[in-house]
Amino acid sequence: MAAIFGVLWSVSVLSFLYSDRLGVPAYANPLVLLIVMLLFVVNPTKTFRHEARFWTLRVLGKAFMAPLFYVSFADFWVADQLNSLTTLFTDTQYLICFYMTNPNWSVGVDSNYCVVNFLGIRTFMACLPPWFRFAQCLRRYRDTKEAFPHIINAVKYSTSFFAIIFSTLSKVYANDYASGENPFLYLWIVSSLISSCYAYTWDIKLDWGLFDSKAGDNKFLREEIVYPSVWFYYFGIFEDFVLRFGWAFLISLTEMGFALENNMITILAPLEVFRRFMWNFFRLENEHLNNCGKFRAVRDISVAPLDTSDQTLIVRMMDDEDGVSNRRKRKNTTKRREIEAKFILGEGESTDDMDT
């Protein structure tokens, strides 16, 4: 699949570069590529991962319709991915505006036209990803009546609204103030700082379950870890911090005139996707361990171990009577230690006949 998409993208780029020789309007190529991608996703035939494609469409549909439907783990996990794709939403507005206002697809138009004249729509589009999660959190609270973590999590996503709105206002009133005197710029910085600190703390403590006071030998982590190297976790903690505050590089470099905003967004957007890629490893791992501790559908979320010893560890934790949980206090661990000692000495139960 990756090879097919890579070839399609390469053909589109080459066709764009040599559009004059081919006699094809240059800006028709990106549109054709997008249409082909959309047709692939909605292809109704039982080919090209039909079940996976339509599962994704169903989950995305529920995310877009939040808070109308019950929210499962898959629903808010996919919505979390959308929060790292804000640039995709604003680019969608730009794409629609470009093709609707530019009758000649052979040449480009003023790139600022679809940005400056539609700031309100762009702000709305940028607010959609955090709105999806905000609405899902409210729905979860309605269904469970648990203020923590759902209301607290909803507040986290609401801070994104302020950062986005103040970012827009700082651009709207940029010409009304001298450099460094725009109050909306400082409100943007403050709201972004609050949002990033809130989100980073939530990432580390709640989503990943790290900095557990009972981490034991896994300093700053948690008692149970799946991946064999603690440095993988330390790297995740560091890169999540740096990239959560990527907006600081954007503001500082653009305000000082060292870089253009569009260039910084082009750099930071894929870095945010990478941050989410790393976030997924620890989030799914922690959810799996929480499921083990609460005896929920513990095998529905697959955390692929890096070696067979990790697989054995996961199975043991899943069936341990004490279980594993990283969001509540653990039960008496004395018996657990005895079980672990027996397991290490080879006296534990065999896992050969267990379901996988």
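The values are calculated or read from the model by the stated rules, or taken from the named source; none is laboratory data. Computed from a prediction, not measured in an experiment: that's the story for all the values here. We place every Cβ from the backbone using ideal geometry, glycine too, and count neighbours over all the protein chains shown.
List of remarks:
- Test: S309 is surrounded by fewer than 19 Cβ atoms within 10 Å (Cβ to Cβ), modelled with pLDDT under 90 and small (G, A, S): yes
- Answer residue from the range 101-138, given it is outside any helix (DSSP H, G or I), small (G, A, S) and loosely packed, with under 12 Cβ neighbours inside 10 Å and is farthest from the chain's Cα centre (by Cα) among those: G108
- Within this structure, L17 passes the test of being of a type outside the set (G, A, S) and over 23 Å from the mean Cα position of the chain (by Cα).
- Residue list for the range 121-152, restricted to those being over 22 Å from Y198 (Cβ atoms) and in contact (Cβ under 8 Å) with a residue 40 or more places away in the chain: R122, R142, D143
- Meets criteria (surrounded by fewer than 19 Cβ atoms within 10 Å (Cβ to Cβ), on the phi > 0 side of the Ramachandran plot and part of a loop (DSSP other than H, G, I, E, B)) for G216: yes
- When the residues of the range 140-176 are filtered to those that are within 25 Å of T201 (Cβ to Cβ) and outside any helix (DSSP H, G or I), the one that is nearest to the chain's Cα centre (by Cα) is E146.
- L187, sole failed condition from (1) exposed (fewer than 14 other Cβ atoms within 10 Å of the Cβ); (2) without any contact (Cβ under 8 Å) to a residue 40 or more places away in the chain: (1)
- Residue in the range 2-20 that is within 23 Å of M125 (Cα to Cα), in contact (Cβ under 8 Å) with a residue 40 or more places away in the chain and not charged (D, E, K, R) present: no
- Qualifying residue in the range 222-230 (condition: outside any helix (DSSP H, G or I), over 23 Å from the mean Cα position of the chain (by Cα) and under 20 Å from I164 (Cα atoms)): no
- Residue list for the range 47-84, filter: in a loop (DSSP other than H, G, I, E, B), crowded, with 17+ Cβ neighbours inside 10 Å and either aliphatic (A, V, I, L, M) or without any contact (Cβ under 8 Å) to a residue 40 or more places away in the chain (or both): A66, V71
- Test: residue in the range 150-165 that is surrounded by fewer than 18 Cβ atoms within 10 Å (Cβ to Cβ) and under 24 Å from P30 (Cα atoms): no
- One residue stands out in the range 197-225 among those that are at pLDDT 95 or above and of a type in the set (V, I, T): the one that is farthest from F235 (Cα to Cα), namely T201.
- Neighbours by Cβ (under 6 Å, 6+ apart or cross-chain): first from the range 258-281, closer than 17 Å to A199 by Cα; second hydroxyl-bearing (S, T, Y) and surrounded by 14 or more Cβ atoms within 10 Å (Cβ to Cβ): E272/S84; V273/S84; R276/S84
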